[in-house]
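Trainee: Below you will find the structure I want to go over with you.
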Amino acid sequence: MFNYICEECGKGTVKEKVFEDYRTKIRGYLFVVDKAVIGVCDQCGAKHFDSNETKRWEDLYNKDLELKHTSLLPDEIEAVRKTVGLSMEDFAYLIGCTRQSIYNWEKKDREKPQSRMADLLIKLVRHSFEVGKVDIISFLVEEAKKLGITIAPTRKTPVPIGNIIPLNIKKVRKNYFQVPQNNLQLAAVVVEEKELTIVESPKQELTGILHYDYGTASLSLEITKDTFGLKVIDIDLITNDDKHYILQNVKVENKHILLLSDTEYTENKVREIILKPKS
Ligand SMILES: [Zn+2]
């Protein structure tokens with residue numbers, strides 16, 4: 001099957017070798033091939049795969065699946081579809097595939113079963129029809145168990161997706177200096193203590209100060225350090241009493257971001273601010 005010059009090193013010859021219990025992955029799943037024929041370079045050891053041989057592995061895997069009955073059989077898929085009263089076309093829309101795929105999977109003499117993802121989705125549809133509400137993660141964990149795979153998902157805070165900057169909101173006491181109006185008034189500067197609401201980046205760098213203007217009843221964020229090069233952003237703002245504001249396409253002008261206008265939410269009534277820069 002092999003006996004050609006290795007294209008990896010250009011020196012060795014690829015020789016046929018039989019591997020017992022060869023572990024491979026087929027459609028993302030671990031599969032052990034009893035006797036796998038693989039070409040191995042006699043110089044560099046690089047492995048070379050023959051497409052007929054890997055096709056044979058896939059056929060073995062498919063047969064194995066059918067035998068274990070882990071994936072739904074053609075008539076089972078048809079039964080699920082008819083139970084929810086849908087045509088092939090509409091069922092395809094429901095689960096996000098093509099009508100042709102449904103047709104192939106329901107064919108009695110089909111060449112290969114549906115992908116595991118499609119299989120799980122159809123099983124979920126069936127299960128949901130039977131019991132109503134489904135705990136999807138538990139359902140999928142149980143399905144994995146049938147393949148001898150143990151998965152233990154845990155509940156964590158949602159992982160931010162893409163370019164999302166959650167800001168920490170902090171209260172700080174800050175001495176700020178008031179310049180005397182005339183030198184005679186006071187010899188020294190007046191020191192006044194003021195509480196500020198600052199926001200920090202996830203790296204705990206001071207990013208800005210939250211400011212409520214009682215004159216215009218508006219809440220704004222004054223950027224003190226343009227860490228993120230913000231120009232136009234979406235902002236999620238959550239208040240202490242769980243009001244969720246989604247601000248879209250907010251312009252950053254002169255390091256000033258107007259968050260809310262005509263509002264009663266002062267800087268002390270904001271719990272969370274999440275910045276979502278637009279590219
Ligand atoms: Zn080689």
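The values are calculated or read from the model by the stated rules, or taken from the named source; none is laboratory data. In this text the structure is predicted, and so the values were computed from the model without any measurement. Cβ: placed from backbone, ideal geometry, glycine included. Neighbour counts: every protein chain shown. Surface accessibility is based on the protein's heavy atoms, side chains included, excluding ligands, DNA and RNA. Shrake-Rupley method; radii C 1.70, N 1.55, O 1.52, S 1.80 Å.
Trainee: Identify the single condition in (1) among the aliphatic types (A, V, I, L, M); (2) modelled with pLDDT under 95; (3) within 16 Å of the ligand (Cβ to nearest atom) that Leu60 does not satisfy, given that it satisfies every other one.
Mentor: Single failed check for Leu60: (3).
Trainee: Using the structure shown, decide if Lys123 is in contact (Cβ under 8 Å) with a residue 40 or more places away in the chain, open to solvent by 60 Å² or more (accessible area, probe 1.4 Å) and farther than 30 Å from Lys269 by Cα.
Mentor: In short, no.
Trainee: Assess whether Gly10 counts as being touching a residue at least 12 places away in the same chain (Cβ under 8 Å), over 26 Å from Lys145 (Cβ atoms) and within 16 Å of the ligand (Cβ to nearest atom).
Mentor: Taking the combined requirement at face value, the residue does not satisfy it.
Trainee: Of (1) open to solvent by 70 Å² or more (accessible area, probe 1.4 Å); (2) in a helix (DSSP H, G or I), Trp57 satisfies all except one. Which?
Mentor: Only one criterion is unmet by Trp57, namely (1).
Trainee: Return the total of residues in the stretch 1-17 being of a type outside the set (Ser, Thr, Tyr) and open to solvent by 80 Å² or more (accessible area, probe 1.4 Å).
Mentor: 9
Trainee: Let me ask another. Report, by residue number, each residue of the stretch 254-279 that is open to solvent by 80 Å² or more (accessible area, probe 1.4 Å) and under 15 Å from Ile164 (Cβ atoms).
Mentor: Answer for the stretch 254-279, where residues must be open to solvent by 80 Å² or more (accessible area, probe 1.4 Å) and under 15 Å from Ile164 (Cβ atoms): Lys278, Ser279.
Trainee: Then there's this: Suppose we keep only residues that are aromatic (Phe, Trp, Tyr) and away from the ligand (no atom under 16 Å from the Cβ) within the stretch 22-49. Which one would you say is nearest to Ile149 (Cα to Cα)?
Mentor: Top of the filtered list is Tyr29.
To keep it simple, each residue is scored yes or no on (1) of a type in the set (Val, Ile, Thr); (2) open to solvent by less than 90 Å² (accessible area, probe 1.4 Å).
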site: Val199; (1), (2): yes, yes
site: Thr207; (1), (2): yes, yes
site: Leu230; (1), (2): no, yes
site: Asp234; (1), (2): no, yes
site: Lys243; (1), (2): no, no
site: Val252; (1), (2): yes, yes
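Trainee: Here's another thing I want to ask about it. Working only within the stretch 79-114, note down all residues that are open to solvent by less than 50 Å² (accessible area, probe 1.4 Å) and not aliphatic (A, V, I, L, M).
Mentor: Arg81, Phe91, Cys97, Ser101, Trp105, Glu106, Arg110, Pro113, Gln114
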